[in-house]
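Report on one structure; see the data block that follows.
The values are calculated or read from the model by the stated rules, or taken from the named source; none is laboratory data. In this text the structure is predicted, and so the values were computed from the model without any measurement. Note that we place each Cβ from the backbone using ideal geometry, even for glycine, and neighbour counts take in every protein chain shown.
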Amino acid sequence: MQVITKIDELRQHLWQHRLNGSSIAFVPTMGNLHEGHLQLIDRAHEHADIVVSSIFVNPLQFGPGEDFNGYPRTFDADQAKLTERGCHILFAPTVDEMYPGTQVSQTIVKVPHLSSIHCGASRPGHFTGVATVVSKLFGIVQPDYAVFGLKDFQQFMVIKQLTEDLCLPVEIIGAPIARAASGLALSSRNGYLSEAELDTAATLYRCLADTRTAIDNGNNDFAELAETAQQRLEQAGFKRDYFVICRQHDLQPANLDDQDLAILAAAHMGKARLIDNLHFHRQ
Ligand code: PAF
C-alpha cells in the first residue's frame, strides 16, 4: 500500500491509474480503524479496481469542547490493517495540506435542513464540516465510487444530498452497520468506554430493535415509543440526546402512512456520545 500525504502527489498517482482504465473506489475515514471500517474497504473492492482510503481527523466537524484533540490517532495500526485488507493507496494529509491558510476563510459546503436536525441540532456545524471535507476529498480523489458506513445514517443522507446537488460524478454506496455480538454498533468512540459501560452500551441497540418490533407489530404511537426508549436508556445509565422515528427520505418525523422508516438514536455513556440506527421497510 502506498501512503501519500500530498494532494499533488496523490493526483499524479491516480491520473496514472485512470490512464490505465482503472476505476477508483474511495473510503474516507478519520482513522482508529475497526472491523466496520475494514468492511467498507471490502465493499470498495467489490466495485472498483483501485481502492483509496484516507485518514484525516477533520477539525472542521468538531465543535468547541468536543473530542478533536483527544480523538484516538492510531496511524501505524491503521496502516497495517489497511495493508492487510488490500487497500492500494492511503491518503493521510496534514491539517495544513487540507486547509492552507485560516479555516475561517475556507469555503464551506452546507446542506440545509438535513444538517440542522437530530445530530445536527446536538452538534451545530458538524455536518457542514463533514460536507466540506468530503467535497474536498472528492475533488482531490475524484472517485467513481465512495463507500460510507450506514451507522452514520444522517451523515450518509447529507453526503448523498450534496453529491446530487453539486452534480458530482461519484456513486455513493452505503455499507451495513458492523456490530459486536452484543448488538453494539462498532465505533471508534467505543474505545472511550470501560468494560462495564461497554456491556451497558448494547442497550442502545436493544432499544432500537424493540422499537422496531413494536412498530412491525402495529404500534403507531411513535412519540410514545420514542419516550419509552429514552426512559429505558436513562435507567440503563445513558444521558439523553435524541431518539426519533423518522421517514427515511428526509429524516422528518414519520407519519402513519410512511413505509420506509429510520429509527435514529444518540445518547451519552460516560465519556462517549454513541449513535446508532435501524432503517427498514415497515412490515
Ligand atoms: O465518518 C467519518 O469518519 C467522517 O465523518 C468522514 C466521513 C471521514 C469525514 O471526515
request  = Any residue in the stretch 43-55 that's on the phi > 0 side of the Ramachandran plot and touching a residue at least 24 places away in the same chain (Cβ under 8 Å): show its pairings with residues that are away from the ligand (no atom under 16 Å from the Cβ) and outside any strand (DSSP E or B) at Cβ separation under 7 Å, as long as the two are six or more apart or on different chains.
outcome  = none
message = Residues that are within 16 Å of the ligand (Cβ to nearest atom) and among the aliphatic types (A, V, I, L, M): does the stretch 13-24 have at least one?
response = no
Hey, Glu35 among the acidic types (Asp, Glu) and under 27 Å from Leu186 (Cα atoms) or not = yes
request  = With respect to Ala131, determine if the residue is surrounded by 21 or more Cβ atoms within 10 Å (Cβ to Cβ), within 13 Å of the ligand (Cβ to nearest atom) and outside any helix (DSSP H, G or I).
outcome  = no
ask   = Does the stretch 25-39 hold any residues that are of a type outside the set (Val, Ile, Thr) and either in a helix (DSSP H, G or I) or within 13 Å of the ligand (Cβ to nearest atom) (or both), and which are they?
value = Phe26, Pro28, Met30, Gly31, Asn32, Leu33, His34, Glu35, Gly36, His37, Leu38, Gln39
message = Looking at the structure I just gave you, is Ala181 out of contact with any helix residue (DSSP H, G or I) (no Cβ under 9 Å at 6 or more places or on another chain), small (Gly, Ala, Ser) and not in a helix (DSSP H, G or I)?
response = yes
request  = Looking at (1) over 18 Å from the mean Cα position of the chain (by Cα); (2) assigned to a strand (DSSP E or B), find the lone condition where Val52 falls short.
outcome  = (1)
ask   = From the residues in the stretch 142-167 that are within 13 Å of the ligand (Cβ to nearest atom) and part of a strand (DSSP E or B), which one is farthest from Ala178 (Cα to Cα)?
value = Ala146
Cβ pairs under 8 Å, 6+ apart, first in the stretch 61-74 and at positive phi, second at pLDDT 95 or above and away from the ligand (no atom under 13 Å from the Cβ) = none
ask   = Which residues, taken from the stretch 19-36, are surrounded by fewer than 19 Cβ atoms within 10 Å (Cβ to Cβ) and free of Cβ contacts under 8 Å to residues at least 60 places away in the same chain?
value = Leu19, Asn20, Gly21, Ser22
query = Could we say that Thr107 is surrounded by fewer than 14 Cβ atoms within 10 Å (Cβ to Cβ) and either closer than 30 Å to His249 by Cα or charged (D, E, K, R) (or both) here?
reply = yes
key: Single match in Tyr192, Tyr205 (criterion: surrounded by 13 or more Cβ atoms within 10 Å (Cβ to Cβ), among the aromatic types (Phe, Trp, Tyr) and more than 26 Å from Ala254 (Cα to Cα))   = Tyr192
remark   = Note: among Arg247, Arg232, Arg179, just one is closer than 30 Å to Ile24 by Cβ, away from the ligand (no atom under 16 Å from the Cβ), without any contact (Cβ under 8 Å) to a residue 40 or more places away in the chain and not polar (S, T, N, Q), namely Arg179
ask   = Among the residues of the stretch 102-124, which ones are within 13 Å of the ligand (Cβ to nearest atom), part of a loop (DSSP other than H, G, I, E, B) and in contact (Cβ under 8 Å) with a residue 60 or more places away in the chain?
value = Arg123
